[in-house]
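Single-structure report; data block below.
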Amino acid sequence: MARILPVKINKKPMNKTIIAIAFLLISLNSFSQKEDVYKKWFSAEQLDCKGTTQSVSSNLKWSIEFKNNQTAEIILNNGKVVNTQNFRIDGDCIKLDFREFIIEKLYKDSLVLTEENASSCNKYVMISGALKALHQKEKFAISNSDTLYYPEFGNAPILKGFNDYTTFFIKEFARKMQGSSKACQITYRFIITKNGEIKRPNVHASIDKKYEKFLLKILDRTKNKWTPMYLFNKPVNTIVKFKFKYQKG
């Protein structure tokens, strides 16, 4: 079975340096025009109001899009949860139906929001899609002379009919295991090319190798159903890797 063997890896994690650059590109003296709020923002970092960084798992990544019709769409974990609320901007406060944020900083590609309630006070560092794409473009691997990029929440290959492609694979495997009490760790690794093709599939099932043929059959059923990931309006080759655990009940 083919394996992906990158010979060169360039990974630059989303860190405070990237966020700081975004802030420094714009004047620090005042907020940008409030019109800059009207776009889609992606979570980059979460802190408590004392400035302590909080650990946020990939499953808790979220985005919020402030639309011109005064609705805000909140998406959690690659579209698994979508919540739409009305909003209005009152000074430096964004008031939604069920939440309220204070704008601490607002620049073209970065936004810091504070949310306070009776039990907690959090700061959310948000970045624009353009800054997210810049980060993704700087994180890649080279394999067989191909440049391979990494998907992230909010920008990844799309499987037709699913907001989150892992949902398809989890459901299909659970159907195969229906009635079984065995727990199983599943790993998928493959490439979605800039033409939407599947290349170099590699799978692993922790309980029995015999399940790996079935895993490949599941992947094979997704042929011709992929839209590639885009960076700056151009399709790119993407390494897709994810794990999930099956456990009855």
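The values are calculated or read from the model by the stated rules, or taken from the named source; none is laboratory data. Keep in mind that this is a model prediction, so the values were computed, not measured. Note: ideal-geometry Cβ built from the backbone for every residue, glycine included; neighbour counts use all protein chains shown. Ligands, DNA and RNA are excluded from the accessible area calculation, which covers all protein heavy atoms including side chains. Shrake-Rupley method; radii C 1.70, N 1.55, O 1.52, S 1.80 Å.
Carbon-plus-sulfur fraction of the accessible area of region 92-249, 1.4 Å probe, in percent? Could the numbers behind the result be given before it?
Working: 3810 of 8270 Å².
Carbon-and-sulfur percentage of accessible area, whole number: 46.
For the cross-link pairs Lys67/Lys217; Lys95/Lys171; Lys132/Lys209; Lys199/Lys245; Lys123/Lys243, which exceed 32 Å when the distance is taken from alpha carbon to alpha carbon? Please list the in-between numbers first.
Working: Lys67/Lys217 41 Å; Lys95/Lys171 38 Å; Lys132/Lys209 38 Å; Lys199/Lys245 24 Å; Lys123/Lys243 30 Å.
As for pairs spanning more than 32 Å Cα to Cα, those are Lys67/Lys217; Lys95/Lys171; Lys132/Lys209.
Sorted by mean Cβ packing within 10 Å, highest first, what order do the peptides 90-97, 47-54 take?
Numbers: 90-97: 13.4, 47-54: 10.8.
So the order, starting with the most tightly packed, is 90-97, 47-54.
Under 15 Å Cα to Cα from Lys61, which aspartates and glutamates show up? Leave out anything in the same chain fewer than 8 places away.
Leaving aside aspartates and glutamates fewer than 8 places away in the same chain, those within reach of Lys61 are Glu45, Glu73, Glu152, Asp164.
Could you work out how far apart the two model spin labels at Ser119 and Asp208 are, taking each label as a point 7 Å from the Cα in the direction of the beta carbon, and quote it in nm?
It is 4.4 nm.
Tally Lys and Arg at +1 and Asp and Glu at -1 over the other residues with C-beta under 9 Å from the C-beta of Tyr149: what net charge comes out?
Numbers: positive: Lys137, Lys139; negative: none.
Once positives and negatives cancel, what remains is +2.
Using a Förster distance of 22 Å, how high is the FRET efficiency between Lys245 and Asp220, based on the Cβ-Cβ distance and rounded to 0.05?
With a Förster radius of 22 Å, E is 0.45.
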